[in-house]
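Here's the structure we're looking at; comments come further down.
The values are calculated or read from the model by the stated rules, or taken from the named source; none is laboratory data. Note that this is a predicted model, so its numbers are computed, not measured. Here Cβ is always computed from backbone atoms with ideal geometry, including for glycine, and neighbour counts include all displayed protein chains. We work out accessible area using only protein heavy atoms, side chains counted, and drop any ligands, DNA or RNA first. Shrake-Rupley method; radii C 1.70, N 1.55, O 1.52, S 1.80 Å.
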Amino acid sequence: MKNVTFLARLLISALFLLSAIAKLYKPAIVGILNFEESQLIPTGFSSDIAPFFSRLIIGFEFFIAFAILQSNYIKKLVIPSTILLITIFSIDLSLDIFVGNDENCGCFG
């Protein structure tokens, strides 16, 4: 059972790490700017806060990718922060449906 749990944690960590690294490559930077201009700003973020928020998401992805592999604070910090990040991201993508934005944000969403 421990091997299955570790394998699941390893796969989830790899997914978060892949998502964060993919957003840092030069073509993805254009995707980040597209995410800010087409996803965040139409849903109510100001143009000053949108870059901060989009890069904060990338930072949280790196944090979760490495934190989920360690066993300290897994139940108190890592799992709640993972659920929080996925919830915030899902709410943002859901708001895009109501705004009528169906562009690809380039954000693994």
Contact list, first residue from the stretch 72-85 and more than 15 Å from residue 62 (Cα to Cα) and of a type in the set (A, V, I, L, M, F, W, C), second anywhere and open to solvent by less than 80 Å² (accessible area, probe 1.4 Å) and part of a helix (DSSP H, G or I), beta-carbon distance below 9 Å, six or more apart or interchain, is 74/9; 74/67
Taking the stretch 63-74 and keeping residues part of a helix (DSSP H, G or I) and buried (at least 16 other Cβ atoms within 10 Å of the Cβ) leaves 63, 64, 65, 67
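Just to be sure before I move on: is residue 12 among the aliphatic types (A, V, I, L, M), under 30 Å from residue 69 (Cβ atoms), open to solvent by 50 Å² or more (accessible area, probe 1.4 Å) and modelled with pLDDT under 75 in the structure I sent?
no
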Checked the stretch 40-76 for anything touching a helix residue (DSSP H, G or I) at 6+ places or on another chain (Cβ under 6 Å), within 28 Å of residue 5 (Cα to Cα) and not β-branched (Val, Ile, Thr); matches are 60, 61, 62, 65, 67, 69
